[in-house]
Amino acid sequence: MSDVFAFNGDLSAGYAQPEPLISGDEVFNAIPSSLRRVNLPRWPRASEPELVRHYTWLSRRNFGIDNGFYPLGSCTMKHNPRVNEKIVQLSEVNDLHPLAPESHLQGLMAIFYEMQEMLAHCSGMDEVTLQPVAGAQGEFAAIRCIQEFHKKNGESGRNKVIVPDSAHGTNPASAAMCGYEIIEIPSNDEGRLDLDALKSVVGQDTAAMMVTNPSTLGVFEPEIAKASEIVHAAGGQMYYDGANFNAILGKTSPGLMGFDAVHYNLHKTFSQPHGGGGPGSGPIGVKSHLAEFLPKPLVDRKEDSNGIDGWKYFWRDPENSIGKVQQWHGNAGAVVRSWAFYRRYGRELEKMSEHAVLNANYLRHKILNPSNDLAAKIPAMPIDGAPTKVVKHEFTLSMSPVKDKTGVTGKDVAKRLLDYGYMAPTLYFPMIVPECLMIEPTETESKEVLDKFADDFLKILSEDSDLVMTAPHNTDVGRVDEVWAARNLVLRHPLDN
Amino acid sequence: MVDHLPNLGREFEMLQAMGFSSIDDLFSDIPQDVTRDTPLDLPGPQTEEEIWADAQRLLSANIPMNSRPNFLGAGLYENFVPTMVAAMATRGEFLTSYTPYQPEVSQGMLQALWEFQTMISELVSLPVSNVSVYDASTAAAEALTCAVRVHNRKAEQKNIVYVSKWLPDYRLSVIENYTVGGGIEIRTLEWDENGMIDLDFAKEANGCCAVYVEQPNPFGVIDENLPKLKEIVGENTALIVGVNATSLGLIEAPGNWGADIVVGEGQPFGIGATAGGPIYGIFACNEKYLRQMPGRIVGKTIDDKGNDAYTLTLSTREQHIRRHKATSNICSNETLIALMGSIHMSLLGPYGLEKLSIRNAASCQATKEAVCSIEGIELLYPNTCSYNEFTIILPQSAMSALSYLDSLGVTGGLALEETTKNAESNWLHITATDQTTMADISKLVDGLESWLETLKEVSA
């Protein structure tokens with residue numbers, strides 16, 4: 001297989017540029033001789049036609065939502081509308097400088113303001129900043145705000161953050177970066193928040209509790225309001241991890257559940273494309289008592305007949321701001337895409353959540369209730385990760401019964417799904433469900449796709465176990481050896497030639 | 001009418017198959033006391049045509065850099081990205097994919113990122129690169145915490161790092177936020193009279209965990225003292241260098257003069273400034289830091305038949321495995337923008353990079369000469385060489401000069417007092433890039449001259 005360093009053309013290969021304003025020699029001689037570069041980086045020497053082929057070839061060896069069903073739990077892999085891309089490629093987005101005068105950024109700031117207001121409204125928060133560029137950075141920024149809040153109240157002794165054992169790994173990692181000790185509490189037998197466990201750890205040293213609701217099991221925490229009461233009674237703050245916000249828009253809100261701070265994943269709920277791992281956008285919302293600590297600046301506005309629709313927008317620094325977590329104003333391009341996505345739904349965002357939940361429940365039902373014909377061929381069925389009548393936007397399956405009976409693991413089934421043209425579900429998370437597969441269809445999949453996936457999934461369970469355990473068979477490469485990778489650490493091209 | 005929901009109108013059929021009769025049944029698990037009792041108070045849905053029209057209407061109020069002579073930079077740069085870059089990177093297979101956790105169907109992105117790691121490694125001359133962090137400032141901050149983890153045990157100055165004087169407030173603030181939890185103390189490395197790191201003072205940093213400096217420095221000065229710094233601070237102190245990435249076709253790679261970790265802003269390779277994001281931070285290091293570095297890394301490996309393949313590796317550093325003991329909380333990063341950078345770098349090639357560096361330096365030099373020929377304007381650091389940007393001293397406030405220039409349709413640069421604590425109000429930071437033209441420079445010079453005239457009129 002070929003890589004980009006195989007292109008080894010003439011020295012003049014590549015992109016032709018206009019001439020510099022003064023001669024190259026003059027420029028070169030002006031650089032202090034001790035700092036002039038001696039050997040240029042050994043980058044490829046290739047022309048556009050060659051590189052278009054190379055990157056097109058690479059793209060065909062990659063799987064996105066556009067290629068097929070992507071039931072990756074907790075990641076909300078919904079369709080990415082293309083007009084959103086067209087908008088951010090305008091110079092009026094792409095070629096803006098964040099330090100430009102406010103008068104150069106009025107259109108962008110109008111969009112920022114609308115997004116701040118919309119997110120605050122949907123989540124029951126009072127103030128929103130769009131600065132954090134990923135969910136994890138949102139968590140970090142919000143926990144920093146909570147830290148400063150306690151400090152201002154003379155309660156710096158609060159040095160512990162509580163997380164359930166089903167939490168995303170970023171929750172404890174973000175709180176630890178702020179210097180907090182992490183207290184992990186076990187879920188109860190049904191995978192729900194255990195209030196007794198919470199009561200046993202909460203106290204005067206509690207700074208905050210971080211919760212995802214619906215949880216990573218895809219089930220709504222019925223006692224969330226009580227959990228908030230318990231933490232608040234001890235003087236702690238409640239933090240909402242918005243990774244699963246797609247399930248509840250218009251139905252409930254973190255504010256109603258008693259949370260003080262929340263982050264939103266615009267790359268999940270609001271369709272910023274995941275781009276192979278980023279960019280994301282992780283705005284945070286807070287109740288008024290935390291607003292003075294938010295990262296700076298926020299967008300505000302005042303009436304002005306010369307402004308956009310009668311408004312002039314300006315940057316405003318919160319009084320006791322923690323400062324910056326990203327050096328500019330966040331991932332503005334992601335905010336603009338998410339704004340375009342939001343405008344497509346408007347007040348019908350509720351319908352988006354309804355369909356996400358409808359699809360998840362429907363797929364779960366189809367998988368757990370195979371036809372008699374199929375059931376007869378399946379040696380062992382997976383079981384629910386958590387007992388529940390209804391799930392929210394996603395659900396978990398434990399493949400333990402399958403593994404016990406046939407030796408086929410969750411990973412084997414995941415790899416076999418790749419052969420059928422699907423992305424695999426999230427694997428082995430949350431860790432509290434043994435042999436876990438976590439499945440999230442999102443609202444943008446049709447009933448036909450869900451029916452077909454359920455059929456194929458069940459068919460795999462009936463297949464010869466050797467076939468499944470050696471999967472995938474139809475992909476660009478066979479099962480990849482991750483242990484070899486970690487032992488040998490070939491982290492760049494050697495460029496020996 | 002919402003149009004991206006394939007199952008609209010088929011809800012009942014699906015509900016019935018499950019034994020439910022209404023959508024409300026699916027939300028019956030949400031307790032009454034936390035259920036929203038009013039619908040969302042938002043405008044109705046829009047069609048694509050309406051969204052596009054509204055986007056254009058609102059965004060037309062913006063003034064892009066390329067629509068006028070622009071001399072604002074300071075970390076993000078006006079550039080030109082070859083058309084094929086976005087055309088390739090936004091192919092749906094790349095754009096709409098998730099983190100390549102399933103390598104068997106993600107070889108394309110994995111290979112592109114491995115190639116990216118190689119190109120960054122070559123650019124800065126260090127063996128290891130990750131696949132990006134958020135931006136230059138978080139890269140610097142993560143480099144400092146990474147260095148403390150590696151060096152603190154043996155360090156004579158425990159939990160202490162030094163950073164260059166005159167870092168912009170926004171960078172220092174990010175660094176402070178990222179280091180506060182680890183109890184890391186940040187001290188300042190002083191400059192000498194030429195705007196370079198004071199090597200005598202730097203002896204105080206000997207034995208600390210890390211020093212962070214920039215090349216060129218925040219005011220655009222190429223710092224000739226930096227190659228002597230590693231020896232002064234010592235073997236057990238990480239030398240972290242923040243670079244202006246496009247300068248490295250002209251200025252020696254920091255890995256060749258002692259840097260242990262190189263960070264910087266990748267933006268000029270791959271994407272416009274985009275109001276500050278998405279952009280991407282570069283993070284490259286020596287092997288010593290590999291197991292403590294943040295972010296994702298791709299390794300080359302084999303599949304079950306022994307064929308070449310790529311996969312994410314060293315994941316045990318990361319939050320999804322190591323949770324609160326992870327080296328960083330980073331999960332979503334800036335992969336797609338790094339891919340854009342990678343495509344742009346491939347297309348430039350080594351000599352294209354050199355030419356791009358020269359164009360940037362030439363524009364800077366031409367602008368500097370023209371501006372300095374104006375009577376009444378002085379360089380803050382005369383007798384130094386600049387890349388991309390330089391700082392001048394005006395007879396009056398830089399803010400007033402900028403607003404005068406703005407009224408003439410020229411974006412004149414940055415009043416440093418706005419972004420840098422203790423900067424004088426009459427310091428003006430001017431940036432010129434490969435996109436700067438002689439006509440742009442003339443307009444800047446004319447504008448500054450007529451602004452100076454207005455000052456004389458006032459005083460007369």
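The values are calculated or read from the model by the stated rules, or taken from the named source; none is laboratory data. Note that the coordinates shown come from a computational prediction; the quantities given were computed from them, not determined experimentally. Reconstructed Cβ throughout: ideal geometry from the backbone, glycine too, with neighbour counts over all protein chains shown.
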Might you let me know whether segment A:434-457 holds any residue that is crowded, with 21+ Cβ neighbours inside 10 Å, more than 10 Å from chain B (Cβ to nearest Cβ), among the charged types (D, E, K, R) and in a loop (DSSP other than H, G, I, E, B)?
-> yes
All conditions in (1) in contact with an Asp or Glu (Cβ under 8 Å, 6 or more places away or on another chain); (2) more than 7 Å from every other protein chain (Cβ to nearest Cβ); (3) closer than 30 Å to A:Ile111 by Cβ; (4) modelled with pLDDT of 95 or more are true of A:Pro71 except (3)
For segment A:10-33, what are the residues that are at the interface with chain B (Cβ under 8 Å from one of its Cβ atoms), touching a residue at least 12 places away in the same chain (Cβ under 8 Å) and not aliphatic (A, V, I, L, M)?
-> A:Gly14, A:Tyr15
Where in segment A:1-101 are there helices (runs of 4 or more DSSP H), lying fully within it, with 2 or more residues that are surrounded by 21 or more Cβ atoms within 10 Å (Cβ to Cβ)?
-> A:48-60, A:82-88, A:91-94
With respect to A:Ala360, is the statement that it is within 10 Å of chain B (Cβ to nearest Cβ) and at negative phi true?
-> yes
Tally the residues that are surrounded by fewer than 24 Cβ atoms within 10 Å (Cβ to Cβ), in contact with a Pro (Cβ under 7 Å, 6 or more places away or on another chain) and not in a loop (DSSP other than H, G, I, E, B), restricting the search to segment A:283-293.
-> 1
Of all helices (runs of 4 or more DSSP H) fully inside segment B:311-410, the set with 2 or more residues that are under 19 Å from B:Val81 (Cβ atoms) is B:335-372
Of the residues in segment B:235-246, those that are touching a strand residue (DSSP E or B) at 6+ places or on another chain (Cβ under 9 Å) and either surrounded by fewer than 24 Cβ atoms within 10 Å (Cβ to Cβ) or in a helix (DSSP H, G or I) (or both) come to B:Asn236, B:Val243, B:Ala245
Do you know which residues across segment B:16-46 are more than 7 Å from chain A (Cβ to nearest Cβ) and crowded, with 16+ Cβ neighbours inside 10 Å?
-> B:Phe20
List every residue pair whose Cβ atoms lie under 8 Å apart, where the two residues are 6 or more positions apart in sequence or sit on different chains, the first residue falls within segment A:130-158 and is assigned by TED's automatic domain parsing to the domain that holds A:Lys324 and surrounded by fewer than 24 Cβ atoms within 10 Å (Cβ to Cβ), and the second residue, located anywhere, is in a loop (DSSP other than H, G, I, E, B) and small (Gly, Ala, Ser).
-> A:His150/A:Ser156; A:Glu155/A:Gly235; A:Arg158/A:Gly235; A:Arg158/A:Gly236
Exactly one of A:Gly250, A:Gly154, A:Gly179 is more than 13 Å from every other protein chain (Cβ to nearest Cβ) and either more than 23 Å from A:Met125 (Cα to Cα) or assigned to a loop (DSSP other than H, G, I, E, B) (or both), and that residue is A:Gly154
Look through A:Glu102, A:Glu48, A:Glu114 and report the one residue that is farther than 30 Å from A:Ala414 by Cβ, at the interface with chain B (Cβ under 7 Å from one of its Cβ atoms) and among the charged types (D, E, K, R).
-> A:Glu48
Quickly run through segment A:431-441 and pick out the residues that are out of contact with any helix residue (DSSP H, G or I) (no Cβ under 6 Å at 6 or more places or on another chain) and either within 22 Å of A:Arg416 (Cβ to Cβ) or β-branched (Val, Ile, Thr) (or both).
-> A:Ile432, A:Val433, A:Cys436, A:Met438, A:Ile439, A:Glu440
Can A:Val477 be described as among the β-branched types (Val, Ile, Thr), crowded, with 16+ Cβ neighbours inside 10 Å and within 9 Å of chain B (Cβ to nearest Cβ)?
-> yes
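Yes or no, residue by residue, for (1) in the same structural domain as A:Ala134 (by TED's automatic domain parsing); (2) modelled with pLDDT under 95; (3) outside any strand (DSSP E or B); (4) on the phi > 0 side of the Ramachandran plot:
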site	(1), (2), (3), (4)
A:Asn320	yes, no, yes, no
A:Ser338	yes, no, yes, no
A:Ala380	no, no, yes, no
A:Lys415	no, no, yes, no
A:Gly421	no, no, yes, yes
Is it the case that some residue within segment A:322-344 is more than 24 Å from A:Gly250 (Cβ to Cβ) and without any contact (Cβ under 8 Å) to a residue 24 or more places away in the chain?
-> yes
One residue from B:Gly9, B:Gly75 being more than 8 Å from chain A (Cβ to nearest Cβ) and at positive phi = B:Gly9
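Per-residue answers, yes or no, for (1) facing chain A (nearest Cβ under 8 Å); (2) surrounded by 24 or more Cβ atoms within 10 Å (Cβ to Cβ); (3) of a type in the set (Lys, Arg); (4) under 30 Å from A:Pro297 (Cβ atoms):
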site	(1), (2), (3), (4)
B:Gln107	yes, yes, no, no
B:Leu110	no, yes, no, no
B:Thr118	yes, yes, no, no
B:Ala143	no, yes, no, yes
B:Arg149	no, no, yes, no
B:Asn152	no, no, no, no
B:Glu156	no, no, no, no
B:Tyr162	no, yes, no, yes
Can you spot a residue in segment A:458-468 that is touching a helix residue (DSSP H, G or I) at 6+ places or on another chain (Cβ under 6 Å), closer than 30 Å to A:Phe270 by Cβ and at pLDDT 95 or above?
-> no
Can you name the residue in segment B:311-336 that is more than 7 Å from chain A (Cβ to nearest Cβ) and over 20 Å from A:Glu139 (Cβ atoms) and, of all such residues, is surrounded by the most Cβ atoms within 10 Å (Cβ to Cβ)?
-> B:Leu312
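This table checks each residue for (1) outside any helix (DSSP H, G or I); (2) out of contact with any Lys or Arg (no Cβ under 7 Å at 6 or more places or on another chain).
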| residue | (1), (2) |
| --- | --- |
| A:Asn213 | yes, yes |
| A:Ala227 | no, yes |
| A:Ile230 | no, no |
| A:Leu256 | no, no |
| A:His263 | yes, yes |
| A:Ser271 | yes, no |
| A:Gly278 | yes, yes |
| A:Ser281 | yes, yes |
| A:Pro295 | yes, no |
Selection status of A:Tyr428, surrounded by fewer than 24 Cβ atoms within 10 Å (Cβ to Cβ), of a type in the set (Phe, Trp, Tyr), touching a residue at least 40 places away in the same chain (Cβ under 8 Å) and in the same structural domain as A:Thr475 (by TED's automatic domain parsing) = no
Would you call A:Glu348 under 30 Å from A:Pro279 (Cβ atoms) and in contact with a strand residue (DSSP E or B) (Cβ under 7 Å, 6 or more places away or on another chain)?
-> no
How many residues are touching an Asp or Glu at 6+ places or on another chain (Cβ under 8 Å) and part of a helix (DSSP H, G or I) if we restrict to segment B:12-40?
-> 3
Quick one: how many residues across segment B:162-185 are outside any helix (DSSP H, G or I) and either in contact (Cβ under 8 Å) with a residue 40 or more places away in the chain or among the hydroxyl-bearing types (Ser, Thr, Tyr) (or both)?
-> 7
